[in-house]
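Novice: So that we are looking at the same thing, I have put the structure below in structure tokens.
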Amino acid sequence: MLIYSMSVSVDGFIADREGAFGWSEPSEEQFRFHLAQTRELGGMLLGRRLYETMLVWETDPSLREEELGDAFAGVWSALPKVVFSRTLGSVQGNARLARGSVAEEVATVLGTTDRDVAIGGAGLAAAAVELGLVDELRMFRNPIVVGGGTPFLPPVTGDVRLDLVETRTFGSRVIYERYRRAPATPA
């Protein structure tokens with residue numbers, strides 16, 4: 001199953017007009033939840049910017065000074081990653097640069113594991129959504145309206161039916177929403 005999971009504003013943006021997303025910093029409760037979800041993954045496909053943002057978990061030893069940070073850094077470092085970039089010549093850690101199309105790389109990564117695979121980075125995830133490859137959407141809806149920026153979802157040409165399969169409200173007032181693509185209805 002291919003999962004797209006991000007923190008979003010109430011109005012559906014993952015970053016504001018200036019590209020900032022500090023308003024989405026997770027509470028300890030959410031961080032523990034993210035850690036549990038990341039442990040369940042068999043792979044990750046990332047756009048360049050998300051890869052560069054998350055690389056600190058593999059390169060900054062200070063993030064391992066606390067128990068939760070150490071646990072996440074260990075899980076993140078071990079997770080196989082495929083990075084989509086037109087500008088990077090190489091990547092670090094347990095990562096490789098994508099060689100094929102989004103559809104080819106998704107199929108390859110899903111074929112190497114019996115676990116779920118996540119995709120992240122607005123542009124990369126948008127391409128996967130447009131191709132109908134994303135099986136689940138997971139949103140951490142933050143109680144803020146940012147009025148513009150990078151949207152969580154791209155415009156689509158037709159309805160995409162979803163089933164709400166899980167919700168949870170964290171103490172920070174962030175609401176987790178998990179949607180699965182609804183089965184196609186016969187014509």
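The values are calculated or read from the model by the stated rules, or taken from the named source; none is laboratory data. Fair warning: this is a prediction, and the values are worked out from it, not measured in the lab. As a convention, Cβ positions derive from the backbone with ideal geometry for all residues, glycine included, and neighbour counts pool all protein chains shown.
Novice: Is it true that Gly12 is more than 15 Å from Arg141 (Cβ to Cβ) and either loosely packed, with under 13 Cβ neighbours inside 10 Å or out of contact with any Cys (no Cβ under 6 Å at 6 or more places or on another chain) (or both)?
Specialist: No.
Here is a yes/no grid of residues against (1) of a type in the set (Lys, Arg); (2) in a loop (DSSP other than H, G, I, E, B); (3) within 21 Å of Leu46 (Cα to Cα); (4) modelled with pLDDT of 95 or more:
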position: Leu133; (1), (2), (3), (4): no, yes, yes, yes
position: Leu137; (1), (2), (3), (4): no, no, yes, yes
position: Phe140; (1), (2), (3), (4): no, no, yes, yes
position: Pro154; (1), (2), (3), (4): no, yes, yes, no
position: Tyr179; (1), (2), (3), (4): no, no, yes, yes
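Novice: Looking at the range 111-128, which of its residues are surrounded by 19 or more Cβ atoms within 10 Å (Cβ to Cβ) and in contact (Cβ under 8 Å) with a residue 40 or more places away in the chain?
Specialist: Answer for the range 111-128, where residues must be surrounded by 19 or more Cβ atoms within 10 Å (Cβ to Cβ) and in contact (Cβ under 8 Å) with a residue 40 or more places away in the chain: Val117, Ala118, Ile119, Gly120, Gly121, Ala122, Leu124, Ala125, Ala128.
Novice: For Leu45, all conditions in the list (1) within 22 Å of Glu136 (Cα to Cα); (2) in a helix (DSSP H, G or I) hold save one; what is the number of the exception?
Specialist: Unmet for Leu45, out of (1) within 22 Å of Glu136 (Cα to Cα); (2) in a helix (DSSP H, G or I): (2).
Novice: Now for a separate question. Step by step: first the residues of the range 87-108, then only those that are free of Cβ contacts under 8 Å to residues at least 12 places away in the same chain and outside any helix (DSSP H, G or I), then the one that is nearest to Ala122 (Cα to Cα). Which residue is that?
Specialist: Restricting to residues being free of Cβ contacts under 8 Å to residues at least 12 places away in the same chain and outside any helix (DSSP H, G or I), the top hit is Ser101.
Novice: Quick check on the range 48-86: of everything there that is in a helix (DSSP H, G or I) and among the aromatic types (Phe, Trp, Tyr), which residue is nearest to Glu105 (Cα to Cα)?
Specialist: Tyr51
Novice: How about the range 64-110: which of its residues are surrounded by 12 or more Cβ atoms within 10 Å (Cβ to Cβ), among the basic types (Lys, Arg) and more than 18 Å from the chain's Cα centre (by Cα)?
Specialist: Arg64, the sole residue that qualifies.
Novice: From the list Arg99, Arg86, pick out the single residue that is over 24 Å from Pro151 (Cα atoms) and out of contact with any Lys or Arg (no Cβ under 6 Å at 6 or more places or on another chain).
Specialist: Arg99
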